[in-house]
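Written below as structure tokens is the structure these notes are about.
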């Protein structure tokens, strides 16, 4: 093997502390954080149907007001509607009280830079002062939860999961063909035999092999008439199968949300992405079975998009967004958090949704309720932040 191939293979392995592999999670509550990289257009997901300003600002891409047409927004209350692409997936969860939305949510970072804001959210640290790029907020969360078993369902360990707690990572969409074959596995294991890394390398290969066996069983079942899933839907099903058995803190990211050109309204590019995401979330909920009752899913993006459409029938980098919260034990079926009337005067810098529900405060409140964290523990996760209890869990 060439040296660079060896190093690439090792960085893709899920590394665990010895003895951690087969330990069942002590904590019953589970959290999956779904990060939409690229900044999705929240105003066409949670549609401000009572706002004339919305329809004037988006002559080509607005989602029609609720009506008999299946391409119109689905009324959630007098002011808000849901994109019709989620009619058969997320909307039924909303009706059952298992889904809610938090508008005007996000970070106080106003750079509108994908990379800077993604990093800022994943770190969860104060915007001013020095940054520790080896301390993501989900790793810190894992450090204060008794019996935490975190997993990043990604190609490499994301910033949000980096820190003092050893976290494995596995990209489920690419496990059918491992990057390291059995012969290479033996060579790598032999190289590290007798060193401090020996147990981590061995455990990492064991995790990969066990997950691969799970997927092999799934493929056999699929050939006997199982659902024909693709993209995020299939990945979400695989994540659920692992989280309901072992991992209680999960992270996955989904790309493709940067819609500068031909975004579409009730149909088109964004609608297709939302439909795929909705199918995945509904599949995850179903696959979790009884464990769904103690599971919370948070869907977020680095920022929102401009409220007005641009000259290319798309939207540009914005500020405030809409967060999704789903779960079998949720007190949902509502639009949560601080809100205000959607009109020109309420825009941030005359272009974007403002941030009224700062994400660390909102997440801190969710974590406190779901995991029973005290103020000292919350301070370790989000330093200097006063949590907001929006009473969803």
Requested in this report: Tell me, yes or no, whether segment 112-125 has at least one residue that is more than 17 Å from the chain's Cα centre (by Cα), closer than 22 Å to residue 364 by Cβ and assigned to a loop (DSSP other than H, G, I, E, B).
Outcome: yes
Query raised in the report: Does segment 156-168 contain at least one residue that is at pLDDT 75 or above, outside any strand (DSSP E or B), within 17 Å of the chain's Cα centre (by Cα) and exposed (fewer than 15 other Cβ atoms within 10 Å of the Cβ)?
Result: yes
Query raised in the report: Hey, any hits in segment 5-14 for a residue that's surrounded by 21 or more Cβ atoms within 10 Å (Cβ to Cβ), in a loop (DSSP other than H, G, I, E, B), in contact with a strand residue (DSSP E or B) (Cβ under 9 Å, 6 or more places away or on another chain) and at pLDDT below 95?
Result: yes
Query - Scan of segment 92-111 for residues that are surrounded by fewer than 19 Cβ atoms within 10 Å (Cβ to Cβ) and under 19 Å from residue 44 (Cα atoms), ordered by number - result: 92
Requested in this report: Looking only at segment 202-214, decide whether some residue is over 26 Å from residue 286 (Cβ atoms), over 28 Å from the mean Cα position of the chain (by Cα) and modelled with pLDDT of 70 or more.
Outcome: yes
Report task. Considering only segment 317-347, state which residues are free of Cβ contacts under 8 Å to residues at least 60 places away in the same chain and either closer than 28 Å to residue 89 by Cβ or surrounded by fewer than 19 Cβ atoms within 10 Å (Cβ to Cβ) (or both). Result -> 345, 346
Query raised in the report: Residues in segment 243-251: is at least one within 19 Å of residue 303 (Cα to Cα), modelled with pLDDT of 95 or more and assigned to a strand (DSSP E or B)?
Result: yes
Query raised in the report: Which of (1) modelled with pLDDT of 95 or more; (2) out of contact with any helix residue (DSSP H, G or I) (no Cβ under 9 Å at 6 or more places or on another chain); (3) within 26 Å of residue 280 (Cβ to Cβ); (4) surrounded by fewer than 18 Cβ atoms within 10 Å (Cβ to Cβ) is the odd one out, the single condition residue 80 does not satisfy?
Result: (4)
Query - Counted residues, segment 126-145 - those being within 30 Å of residue 340 (Cβ to Cβ), touching a residue at least 24 places away in the same chain (Cβ under 8 Å) and either in a loop (DSSP other than H, G, I, E, B) or over 20 Å from the mean Cα position of the chain (by Cα) (or both) - result: 1
Requested in this report: For segment 348-377, name all the residues that are crowded, with 23+ Cβ neighbours inside 10 Å and in contact with a helix residue (DSSP H, G or I) (Cβ under 6 Å, 6 or more places away or on another chain).
Outcome: 364
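Residue-wise test of (1) buried (at least 20 other Cβ atoms within 10 Å of the Cβ); (2) touching a strand residue (DSSP E or B) at 6+ places or on another chain (Cβ under 7 Å); (3) over 28 Å from residue 136 (Cβ atoms); (4) modelled with pLDDT under 95.
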{"site": "253", "(1), (2), (3), (4)": "no, yes, no, yes"}
{"site": "256", "(1), (2), (3), (4)": "no, no, no, yes"}
{"site": "268", "(1), (2), (3), (4)": "no, no, yes, no"}
{"site": "273", "(1), (2), (3), (4)": "yes, no, no, no"}
{"site": "286", "(1), (2), (3), (4)": "no, no, yes, no"}
{"site": "289", "(1), (2), (3), (4)": "no, no, yes, no"}
{"site": "294", "(1), (2), (3), (4)": "no, yes, no, no"}
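The values are calculated or read from the model by the stated rules, or taken from the named source; none is laboratory data. Bear in mind the structure is a predicted one, so any value in this text is a computation, not a measurement. Note that we place each Cβ from the backbone using ideal geometry, even for glycine, and neighbour counts take in every protein chain shown.
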